[in-house]
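Since the structure comes first, as structure tokens, the remarks are kept for the end.
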Amino acid sequence: MKRTIIAAALLALTGCTVVNEHRAPPADWPQLEVTVEETGFWETQEKCGRNVAEVILIGPALGCAYINFDEMRCRIYLWVNSVLDHELLHCRGYDHYGSSDLRDYWEIWKKENQNVQR
């Protein structure tokens, strides 16, 4: 179940680098350790969940943020450096306007891990 949630959160953010409006994060969003990895074109597509057909039809992912609450980490994969600030917002819990993917992921994780001491 956790892998499904993580995968859903990652996939929700793969095309995010073209959207610049964000929804405020939950008040209790945790501070995550952030790592940034500059990757080549195809490695970024792979890390961000884009296949060749999606690259052709939708366009390439410029970068993405991969959030893992089990590790309290946010990994950013970048093909284009100019989207770093955008991806950092996701690490801080900002959803795209009209979306609640990160907020939902956080709420589900908290419910599933309510008895875990961090």
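Return the residues of the range 31-47 that are closer than 22 Å to Y94 by Cα and hydroxyl-bearing (S, T, Y); say none if nothing qualifies.
Hits for the range 31-47 are T35, T44.
Hand me the list of helices (runs of 4 or more DSSP H) wholly inside the range 49-118 holding 1 or more residues that are under 15 Å from D28 (Cα atoms).
Values: elements: 52-57, 84-91, 101-112.
Per the criteria, 84-91, 101-112.
Looking only at the range 33-67, which residues are loosely packed, with under 14 Cβ neighbours inside 10 Å, of a type in the set (A, V, I, L, M, F, W, C) and free of Cβ contacts under 8 Å to residues at least 24 places away in the same chain?
Those that are loosely packed, with under 14 Cβ neighbours inside 10 Å, of a type in the set (A, V, I, L, M, F, W, C) and free of Cβ contacts under 8 Å to residues at least 24 places away in the same chain: W42, V52, A53, I56, L57.
Tally up the residues in the range 83-108 that are open to solvent by 20 Å² or more (accessible area, probe 1.4 Å), at pLDDT 95 or above and not charged (D, E, K, R), please.
Going through the range 83-108 one residue at a time, the tally reaches 5.
Yes/no matrix, rows are residues, columns are (1) out of contact with any helix residue (DSSP H, G or I) (no Cβ under 7 Å at 6 or more places or on another chain); (2) of a type outside the set (V, I, T):
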residue: L32; (1), (2): no, yes
residue: T35; (1), (2): yes, no
residue: E46; (1), (2): yes, yes
residue: V55; (1), (2): no, no
residue: I67; (1), (2): no, no
residue: E71; (1), (2): yes, yes
residue: Y77; (1), (2): no, yes
residue: H90; (1), (2): no, yes
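The values are calculated or read from the model by the stated rules, or taken from the named source; none is laboratory data. Predicted model only: the values in this text are computed from it and were never measured. Cβ coordinates were reconstructed from backbone atoms using ideal geometry, including for glycine residues, and neighbour counts include every protein chain displayed. SASA here: full protein model, heavy atoms, side chains in, ligands and nucleic acids out. Shrake-Rupley method; radii C 1.70, N 1.55, O 1.52, S 1.80 Å.
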